[in-house]
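Since every read-out is calculated from the coordinates, none of them should be taken as a lab result. All figures in this text were calculated on a predicted structure; none of them were measured in a lab. Neighbour counts are summed over all protein chains in view; Cβ atoms, including those assigned to glycine, are modelled from backbone coordinates with ideal geometry.
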Amino acid sequence: MSADRRLGLLGVATYLPEIRRTNDWWPDETVRRWRQAPRMLPPLQDGEPTPAMARVLAAMARQEFDPFGGVTERRVMPEDMSSVHMEARAAELAIERAGIDRCEIDLLLTHTALPEYLLSSTACVLHHELGLATACFTMQLDASSYSFLAQLTVAEQMIVTGRARYALLVQSSASSRLIDPEDSDSVLHGDGASAVVVGPTSAGGLLAAAHRTDGTYPRTLVAGVRGGRWYDEGRVVLHRGDPRDTARIFLLTADLAIEAVHAALGEAGVSAAEVDFYAAHQGTPWLRQVTQEAVGIDRARSVDMFSSTGYLFSASIPLVLETAQRRGLLNRDDIVVMNGGGGGVTYGAVVLRWGDPVA
């Protein structure tokens, strides 16, 4: 890719609602019941576990006796707020940090994990809220928790081919709307949004990406009626559609990270020893450390946010990047690896060289 067409991150911002839900929100009797429930062990197959799986199993064992899954607090939207409200706040700040006029944005890609309505493009609602140009190509890009990394690759192709110059990538989670407080997984979910402006840059930029798809596990985290579909009679809640498949995906997490990160590093011509910062999808409190060690990039700096925000779907990696820069952990020319996955299942990694401050 020529220097004037290299895709770089120009502005990164997140929005977390002010309401903090701490662990004492759940009744003691409910928590006691969770402690007594049998643990779902990840199913092993012939020849397993691999060394990476052994790391995962050890991490899960350390977490076993915490009924709150390593989360101490999570943010919750007030009743009069919607996903788009959060997205707009994050997007406005990202545009400001990018130093461009919103009329210059000609590509908007969004992932609203929990929209207000089905069969209506929430991306268009955000487009209107931000006052973007009518010529701005706008669409929802849904790859579950993998959406941000998927958006980056789509934006890169649009920019490289001259179809767009500046893109706005937006992600949000409004999980508090669909939790079942009696479900032990309800403690893991939080609300929040992130936004990233990308465009041509002469400082830093994307170097390589590796994207993978495996449709073997389609019902990990789903929103639907328990035992049915979202349109069946009953309350729609977030839950593990197939607990065994969900446990299996957790077990495979580190091996999938090894495959994807090494593929992306190989394409970029970068060794694991050269990685300066590792931005992992925050799916569990142990995921970043376990995958980082398994991949062999131990010396890289990193940030863990899961304990203070819970699960934020595809907003988690932008949150990590913004937090890292604010803490002085990202420097110009740093090699950054972003790694994650989402339900379905999609997973992969992106390698970039960090440019000028964006947060």
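Between the residues M86, P115, F148, the greatest Cα displacement towards the positive end of the dipole of the stretch 59-176, with unit charges on the Cβ of Lys, Arg, Asp and Glu, is found for F148. Here the contact order of the chain, divided by its residue count and restricted to Cα pairs under 8 Å and six or more residues apart, works out to 26 percent. Taking amide H as placed 1.01 Å from N in the peptide plane, S145 has its amide H under 5 Å from the amide H of G343, each at least 5 places away in sequence or on another chain.
Entry for the stretch 137-218 at q = 0.18 Å⁻¹: log10 I(q)/I(0) = -0.90, Debye formula applied to identical alpha-carbon scatterers, no solvent contribution. Note that the stretch 146-154 has calculated 3J(HN,Hα) couplings of 8, 4, 4, 5, 5, 4, 4, 5, 5 Hz, one per residue in order, obtained from phi through the Karplus relation 6.51 cos²θ - 1.76 cosθ + 1.60 (θ = phi - 60°); glycine and proline are x. If every alpha-carbon in the stretch 311-359 counts as one equal scatterer, what log10 I(q)/I(0) does Debye give at q = 0.20, 0.22, 0.26 1/Å? Summing over Cα pairs of the stretch 311-359 leads to -0.73, -0.84, -1.04. By the count of other C-beta atoms within 10 Å, a proxy for reagent exposure, S176, S316 are ordered fewest to most as S176, S316. With helices as the sole contributors, the chain gives -9500 deg cm²/dmol at 222 nm; each DSSP H run of n ≥ 4 counts as -39500 (n - 2.57), and the sum is divided by every residue.
A simple spin-label model places the labels of E274 and R20 4.2 nm from each other, with each point 7 Å out along Cα-to-Cβ. Note on the stretch 250-341: Cα Rg divided by 2.2 N^0.38 Å, N the number of residues, gives 1.01. Peptide packing: for 183-194, 296-307, the average count of neighbouring Cβ atoms within 10 Å per residue gives the ranking 183-194, 296-307, highest mean first.
Remark: spin-label model distance E104-L119 equals 4.1 nm, labels positioned 7 Å along the Cα→Cβ axis. From least to most packed, judged by other beta carbons within 10 angstrom and beginning with the fewest, W230, W34 follow the order W230, W34. What's the long-distance tail for the stretch 222-279, i.e. % of Cα pairs beyond 18 Å? So the pairs more than 18 Å apart make up 57 percent of the total in the stretch 222-279. Pairs of Cα atoms in the stretch 78-155 fall into 10 Å distance bins, from 0 up to the last occupied one, in shares of 17, 53, 28, 2 percent. Shown for T216, T323: other C-beta atoms within 10 Å of each C-beta, ranked fewest to most, produce the order T216, T323. In this structure, the amide hydrogen of R226, modeled 1.01 Å from its nitrogen in the peptide plane, lies closer than 5 angstrom to those of V237, counting only residues at least 5 positions away or on a different chain.
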